[in-house]
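Down below is the structure, laid out as structure tokens.
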Amino acid sequence: MYFNDIRLKNFRNYKNISINLHKDLNILIGNNGEGKTNILESIYFLSLLKSHRTIKLNDLINFKEEYTEIFTNITNDNDKKIVTYLKFDKLKGKNVSINNLDINRLADFIGYIKVVMIAPEDMKIIKDSPSIRRKFLDINISQIDKIYLKSILKYNKVLNLKNNLLKEKNINDKLLDVYDEQISLCSGIIINKRLQYIDMLNKFSKSIHNDISCNKENINIVYKSFIDLDVYKNNENMKNKILDILKNNRNIDKIKKSSSSGIHRDDFMIFINNREALNYSSQGQQKSAIISIKLSIVKIIKEITKEYPVLLLDDILSELDSKRRKFLLNFLPYVQTFITCTEIHEKILRPCKIFNISKGEILEEC
């Protein structure tokens, strides 16, 4: 799929702009702080209904305004035209429509427009806490799997109810039994789908990483769970085993007043040449690993949905050497790509549009 245009009203530093886009490559050039990333953020927000930079969605609204609007015309891989509209109001929240039809359940919208973003913040996937890596899995799997999305939403809802119950003075164990039953059922689905996704990431990232590293490095991703995956992976007894663990930990949970084990504490590790990337890889190796993983997601989305996502590259070219910049600039020419940068050094081999951005104004180069 690709965006034909995008119109923003009251989004970040843009009061009212409209841009006609190239179906292949769009390059946004400007100094830092001029608003390049805001364009990519608007596409990301329209697609996933969240920002990649902040959890405070009110920050997306232009100063002194009460709402923001994003309007786009999209063409999917079957040449079907799609008109999408998103309004976010400080008081009323989000309102989304597709071809003038309101979407009542926002969860139903997730995955309709698929994006993959590579940004400097992605280094947190390697360097930061397990919660960042779980969020990475949840966002990307939810784009292509409605069952996963529904399962993770239900899991988080029931987990919150359980944790609130554990904080009460008089705890109803029968109600805890009900919550643990629901949690264990969702957990089995979530773990198996995460494992399937990790397998696909390994499948595609190995080839991509070999290309990026000139066959000098291999990459491997390993999922770490609170349950013994060597025994229970794809096992029909996984749900019962999870339920046993939850019940066995109940006294600990009551003391801690929160759930001490579960998929909300699972993690994954990235290895380069069989050594953990966090502790044994250079900054350059870690960046290459993130790029390989993110480009793998593009391939996964295409394999599962039969449609390519939109690729967003936010201010990462300056941090890469010439070889890696060329690799990214010319990766999958049939994927619509957006790039933000302060300048371009490499020769662009793909059809493209170049936009110069300064103080909220956008000028297309002829």
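The values are calculated or read from the model by the stated rules, or taken from the named source; none is laboratory data. Given the structure is predicted, the values throughout are model-derived calculations rather than measurements. Note: ideal-geometry Cβ built from the backbone for every residue, glycine included; neighbour counts use all protein chains shown. Remember, those area values only see protein heavy atoms, side chains included, never the ligands or the DNA or RNA. Shrake-Rupley method; radii C 1.70, N 1.55, O 1.52, S 1.80 Å.
Condition check ((1) crowded, with 16+ Cβ neighbours inside 10 Å; (2) not hydrophobic (A, V, I, L, M, F, W, C)) across all residues:
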residue: Asn249; (1), (2): yes, yes
residue: Gln286; (1), (2): yes, yes
residue: Leu295; (1), (2): yes, no
residue: Ile344; (1), (2): no, no
residue: Ile348; (1), (2): no, no
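Provide a single number: the residues in segment 301-320 that are open to solvent by 30 Å² or more (accessible area, probe 1.4 Å) and part of a helix (DSSP H, G or I).
6
Please go through segment 35-63 and give me each residue that is charged (D, E, K, R), touching a strand residue (DSSP E or B) at 6+ places or on another chain (Cβ under 9 Å) and either under 24 Å from Ser142 (Cβ atoms) or open to solvent by 20 Å² or more (accessible area, probe 1.4 Å) (or both), ordered by number.
Result: Glu41, single match.
Which one of the conditions (1) more than 27 Å from Ile113 (Cα to Cα); (2) in contact with a Cys (Cβ under 6 Å, 6 or more places away or on another chain) does Val231 fail to meet, given that it meets all the rest?
Unmet for Val231, out of (1) more than 27 Å from Ile113 (Cα to Cα); (2) in contact with a Cys (Cβ under 6 Å, 6 or more places away or on another chain): (2).
Tell me the residue from Ile126, Ile110 that is assigned to a loop (DSSP other than H, G, I, E, B) and aliphatic (A, V, I, L, M), please.
Ile110
Looking only at segment 308-338, filter to residues that are in contact with a strand residue (DSSP E or B) (Cβ under 7 Å, 6 or more places away or on another chain) and charged (D, E, K, R); which one of those is farthest from Phe45 (Cα to Cα)?
Ranking the candidates gives Asp315 first.
Can you tell me which condition Glu217 does not meet? The list is (1) out of contact with any strand residue (DSSP E or B) (no Cβ under 6 Å at 6 or more places or on another chain); (2) surrounded by fewer than 19 Cβ atoms within 10 Å (Cβ to Cβ); (3) touching a residue at least 40 places away in the same chain (Cβ under 8 Å), and all the others hold.
Unmet for Glu217, out of (1) out of contact with any strand residue (DSSP E or B) (no Cβ under 6 Å at 6 or more places or on another chain); (2) surrounded by fewer than 19 Cβ atoms within 10 Å (Cβ to Cβ); (3) touching a residue at least 40 places away in the same chain (Cβ under 8 Å): (1).
Looking at Asn26, Asn38 in this structure, which one is under 12 Å from Gly360 (Cα atoms), modelled with pLDDT of 90 or more, among the polar types (S, T, N, Q) and not in a loop (DSSP other than H, G, I, E, B)?
The conditions single out Asn38.
Quick check on my filter: what residues within segment 6-34 are open to solvent by 30 Å² or more (accessible area, probe 1.4 Å) and closer than 12 Å to Phe71 by Cβ?
Hits for segment 6-34 are Arg7, Lys9, Asn16, Ser18.
Pick from Ile183, Ile144, Ile152: which is within 30 Å of Ile301 (Cβ to Cβ), touching a residue at least 60 places away in the same chain (Cβ under 8 Å) and open to solvent by less than 30 Å² (accessible area, probe 1.4 Å)?
So the residue among Ile183, Ile144, Ile152 that is within 30 Å of Ile301 (Cβ to Cβ), touching a residue at least 60 places away in the same chain (Cβ under 8 Å) and open to solvent by less than 30 Å² (accessible area, probe 1.4 Å) is Ile183.
Look through segment 234-247, keep the residues that are without any contact (Cβ under 8 Å) to a residue 40 or more places away in the chain and in a loop (DSSP other than H, G, I, E, B), and return whichever of them is surrounded by the fewest Cβ atoms within 10 Å (Cβ to Cβ). Write out each step before concluding.
The initial filter retains those residues of segment 234-247 that are without any contact (Cβ under 8 Å) to a residue 40 or more places away in the chain, namely 235-237, 241, 244-245.
Now narrow it down to the ones that are in a loop (DSSP other than H, G, I, E, B): 235-237.
Numbers: Asn235: 15, Glu236: 8, Asn237: 11.
For segment 234-247, the residue satisfying everything is Glu236.
Does Tyr223 meet the test of being crowded, with 17+ Cβ neighbours inside 10 Å and without any contact (Cβ under 8 Å) to a residue 24 or more places away in the chain? First the steps, then the outcome.
On the way: crowded, with 17+ Cβ neighbours inside 10 Å: yes; without any contact (Cβ under 8 Å) to a residue 24 or more places away in the chain: no.
In short, no.
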